[in-house]
Amino acid sequence: MSASIMEKTRGKELRSFFILSLIFITVLANLPALKNGFTNWDDPRLVLKNPDIRSLSASNLGKIFSTSYIGLGGYTPLVVLSYAVEYRLHRLDPRIFHTTNLVLHVLNTLLVFWLFQLLGAGIGASFIVAAIFGIHPIHVEAVAWIQGRKDLLFSFFYIGALISYVQFLRKPGGRRFYFIALGLSGLALFSKIAAVSLAPVLLLLEWRVSKRIDRKALTRSAPFWGMALIFIFLGFLTHSPATSQATAPHLSITRGLGLLFYSFAFYASKTLLPFGLHASYSVELSQNQAGLMLSLAGLAIVMTLLYLAYRRDRGAVVFGLLFFFFTLLPTLPSHLVGQPYADRYMYLPLVGILFALSTLFPTSLTQTRQPQRGMAISWVVLILVGILLGAQSWRLNGVWHDSVSLWTHVLRIDPKNVMAYLNRAEARVSDKSYDEAMSDYDQAQGLTPENPNIPMSRGAVYFLREEYAKALIEYDKSIALDPHFFEGFMSRGVLRARLKQFDKALEDFTAAVNLKATAYSGHYYRGLAFKELAMYDSALQELEIAYRISPTEQCRAQIAAVSAEKNR
C-alpha cells in the first residue's frame with residue numbers, strides 16, 4: 001500500500017473518530033434536556049394551546065405560513081410546522097420535542113466541523129471548534145427550551161447554505177451548489193427571519209475564499225439580498241399586535257442601540273466566562289456593576305486572545321469578527337422592545353468568535369508546528385476546559401426541567417427580575433401552590449407597584465380560591481392602575497358573571513370590546529352576558545362576530561344554543 005493511500009486511510013479514520021466523538025460529547029453534555037417537560041415560557045402559546053399545530057390540513061398549513069407568532073421575529077412557519085408534525089405523531093409528549101432539538105444541535109455541531117475544514121482549518125482545530133460549539137453552556141437555552149427550535153432549525157439551514165456556497169466557489173462546474181445554497185437560504189428564512197444576515201455573510205465568504213469581492217460576487221449575492229428583503233416584508237405583513245409581547249418596556253432608539261453595542265461585550269465575555277447564564281436578562285443588566293466588571297474582564301481577555309490570533313492570521317480574525325457582528329445584528333429589534341440579551345441570540349454568532357480564535361488551537365488554520373511537549377499541554381488544557389464546559393451545560397440543562405426550577409434559577413442570579421417572579425407564580429398557580437404564588441406576586445408588586453398585571457394575577461388566585469370579594473378588590477386595582485387594561489376588564493367581567501351580576505359583567509365586557517375590537521374573548525363573553533340577560537339578538541350578533549374572529553366549536557355551540565332559546 002502506497003504512503004499516500006495509507007495517509008488518506010488514516011485521515012478518514014481520524015475524521016470518523018472525531019465525528020463519533022463530537023456526537024458523543026454533544027449528546028452527553030445536553031442529555032438532561034431529554035428528561036425536561038414543557039415550561040410556561042411561550043410553550044403554552046406556541047405548542048400546548050396552539051390550535052394551529054393540531055392539524056396538517058391545507059387550510060391550517062396556510063394559516064401557519066401566514067401568521068407571525070409572538071411579534072415580528074415570530075414568523076417561523078417551518079418551526080411551527082415541525083411542532084405540528086410532532087403533534088401528529090406523538091401528541092404532546094415533551095420527550096419528542098426535546099429529542100428533536102438535541103438532534104438538530106448535534107447536526108449543527110457536525111456542520112460546523114465540516115464548514116471549518118472547508119474554510120481551511122486543520123482537522124484538529126475544526127474538531128476543537130465544533131466540540132466547543134456542541135458543549136458550550138451558552139447554547140443550553142436553544143437546546144433545552146422547546147422554543148429554541150427556531151435558532152436550531154434556521155442555523156441548520158444557514159450553515160448548510162454556507163457549506164454549499166463554499167463548495168460552489170471552490171469546485172469548477174459546481175453551479176448546482178449555488179442553487180442548493182439558495183434553496184437552503186429560503187428554508188433558513190422560513191425558520192427565522194434572523195437568517196437575513198446570510199446575504200452579507202456570503203460576501204464575507206467571497207472575500208475569504210476568493211480573496212476579493214468583485215462585480216460577479218455582488219451579482220451572485222443579489223438573489224440572497226432579494227430574499228432577505230422579501231422575508232423582512234413578510235415579517236411585517238404577518239405581524240399582528242395581538243401576537244406581540246407587551247410585558248417588556250419599549251426603549252428609545254438611542255438606548256436600544258446602546259444596549260446593542262454593550263451586547264457585543266456581553267456575549268464576547270460569556271463565550272470565555274460562561275457564568276451567570278439564565279433565561280431572562282433584564283434591561284438594567286448593563287447597570288449592574290458586578291456584571292459589568294465581569295463583562296469587561298471577559299472582554300479584555302477575549303481581546304487579548306484575538307490580538308494573538310490576529311498576529312497569526314489577520315484574515316481569519318477579521319472574517320470571524322464580521323461574521324459575529326452580522327449574525328448578531330438581527331437581534332436589534334429585540335433591543336428596542338426591552339429584551340436586549342438572550343443566550344439563544346449567540347447560537348450562530350459563536351461560530352464567528354470561534355473562527356477568529358481558531359488559529360490559537362493545535363493544528364489550526366495556519367498549521368503552525370508546535371513542540372511535542374507544547375502540543376500535549378495544549379490538548380490537556382483543552383480537554384480540561386471541555387470537561388468544565390460540558391459539566392456546566394449538563395447542570396444548566398437540568399434547570400429547564402420545569403417552570404418552577406427555571407424561574408427559581410433566574411431569581412437566584414437576578415433577585416429583582418419581575419418577569420421571573422410572575423412566571424414562577426403562574427407555574428405555582430398551575431400546581432395549586434397558591435400561598436407560594438401569592439408570595440411571588442407580592443415580591444413582584446414590591447418591585448413594580450404600577451404594573452396592572454400583578455393585582456389582576458392576584459385577583460385570579462383569589463378567584464380560584466373562591467374568595468370573590470378579595471378578587472374584586474384586586475381587579476379594581478388593576479383597572480385603576482390602567483383604565484385601558486383589557487385583561488383587567490375581562491377578568492372583572494368574568495367574576496361578576498360568576499356572581500350573577502350580568503348587567504355589570506356586560507359593562508366590563510363592553511369596555512373590553514371597545515379597547516380591543518378584534519379580540520375573540522371580548523365578543524364571546526359579551527355574547528354570553530347578553531344571553532343571560534335574555535337579549536338574544538344582541539347575543540347572536542356578538543357570538544357571530546367572535547366566530548368570525550376564531551371559529552371555535554365552543555362558540556358554534558353557543559350560537560346554536562342561543563338560537564334555540566330565541567325560537568322557543
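Scanning the stretch 35-48 turns up no residue that is hydroxyl-bearing (Ser, Thr, Tyr) and out of contact with any Asp or Glu (no Cβ under 8 Å at 6 or more places or on another chain).
Let's see how each residue does on (1) out of contact with any helix residue (DSSP H, G or I) (no Cβ under 6 Å at 6 or more places or on another chain); (2) of a type in the set (A, V, I, L, M, F, W, C); (3) modelled with pLDDT of 95 or more; (4) more than 26 Å from Arg428 (Cα to Cα):
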site	(1), (2), (3), (4)
Lys477	no, no, yes, no
Thr518	yes, no, no, yes
Gly522	no, no, no, yes
Glu532	no, no, no, yes
Ser538	no, no, no, yes
Ala546	no, yes, no, yes
Ser550	no, no, no, yes
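Restricting the stretch 272-292 to residues that are assigned to a helix (DSSP H, G or I) and among the small types (Gly, Ala, Ser) leaves a set whose member that is modelled with the lowest pLDDT is Ser286. Figure legend. Inter-residue proximity from the stretch 92-113: first residues within 14 Å of Phe157 (Cα to Cα), second residues polar (S, T, N, Q), beta-carbon distance below 6 Å, spacing 6+ or different chains. Indicated pairs: Val106/Thr26; Asn108/Ser155; Thr109/Thr26.
Filtering the stretch 515-554 to residues that are part of a helix (DSSP H, G or I) and under 33 Å from the mean Cα position of the chain (by Cα) leaves Leu515, Tyr520, Ser521, Gly522, His523, Tyr524, Ala546, Tyr547, Arg548, Ile549, Glu553, Gln554. Within the option set Ser244, Ser295, Ser269, Ser240, being at pLDDT 75 or above and of a type outside the set (Val, Ile, Thr) holds for one residue only, Ser269.
Looking across the stretch 208-223, the residues that are buried (at least 16 other Cβ atoms within 10 Å of the Cβ) and either of a type in the set (A, V, I, L, M) or under 18 Å from Leu322 (Cα atoms) (or both) come down to Arg208, Val209, Ala217, Ser221. Scanning the stretch 409-424 for residues that are in a helix (DSSP H, G or I) and more than 20 Å from Val461 (Cβ to Cβ) returns His409, Val410, Arg412, Ile413. Against the condition at pLDDT 65 or above, crowded, with 16+ Cβ neighbours inside 10 Å and either touching an Asp or Glu at 6+ places or on another chain (Cβ under 9 Å) or among the polar types (S, T, N, Q) (or both), how does Tyr262 come out, does it pass? It is false that Tyr262 is at pLDDT 65 or above, crowded, with 16+ Cβ neighbours inside 10 Å and either touching an Asp or Glu at 6+ places or on another chain (Cβ under 9 Å) or among the polar types (S, T, N, Q) (or both).
When Leu118 is tested against the conditions (1) in contact (Cβ under 8 Å) with a residue 60 or more places away in the chain; (2) under 27 Å from Val351 (Cα atoms), the lone failure is (1).
Residues are listed down the side, and each one gets a yes or a no for (1) of a type outside the set (A, V, I, L, M); (2) in contact with a Gly (Cβ under 8 Å, 6 or more places away or on another chain); (3) at pLDDT below 70; (4) surrounded by fewer than 22 Cβ atoms within 10 Å (Cβ to Cβ):
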{"position": "Met303", "(1), (2), (3), (4)": "no, no, no, yes"}
{"position": "Arg311", "(1), (2), (3), (4)": "yes, no, no, yes"}
{"position": "Ala316", "(1), (2), (3), (4)": "no, no, no, no"}
{"position": "Leu322", "(1), (2), (3), (4)": "no, yes, no, yes"}
{"position": "Leu329", "(1), (2), (3), (4)": "no, no, no, yes"}
{"position": "Leu354", "(1), (2), (3), (4)": "no, yes, no, no"}
{"position": "Ser358", "(1), (2), (3), (4)": "yes, yes, no, no"}
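Of all residues in the stretch 492-499, none satisfies being of a type in the set (Lys, Arg) and in a loop (DSSP other than H, G, I, E, B).
Applying the condition of being touching a helix residue (DSSP H, G or I) at 6+ places or on another chain (Cβ under 7 Å) and not in a loop (DSSP other than H, G, I, E, B) to the stretch 39-60 and asking which residue is farthest from Ser280 (Cα to Cα) yields Asn60. Given the criteria surrounded by fewer than 17 Cβ atoms within 10 Å (Cβ to Cβ), within 17 Å of the chain's Cα centre (by Cα), at pLDDT 90 or above and not polar (S, T, N, Q), does Leu31 qualify? So Leu31 fails the test. Inside the stretch 472-495, residues that are basic (Lys, Arg), more than 15 Å from Leu515 (Cβ to Cβ) and surrounded by 22 or more Cβ atoms within 10 Å (Cβ to Cβ) make up a count of 0.
The values are calculated or read from the model by the stated rules, or taken from the named source; none is laboratory data. A quick note: this is a predicted structure, and the numbers were derived from the prediction, not measured. Because the Cβ atoms are built from the backbone with ideal geometry, glycine has one as well, and the counts that use them run over all protein chains shown.
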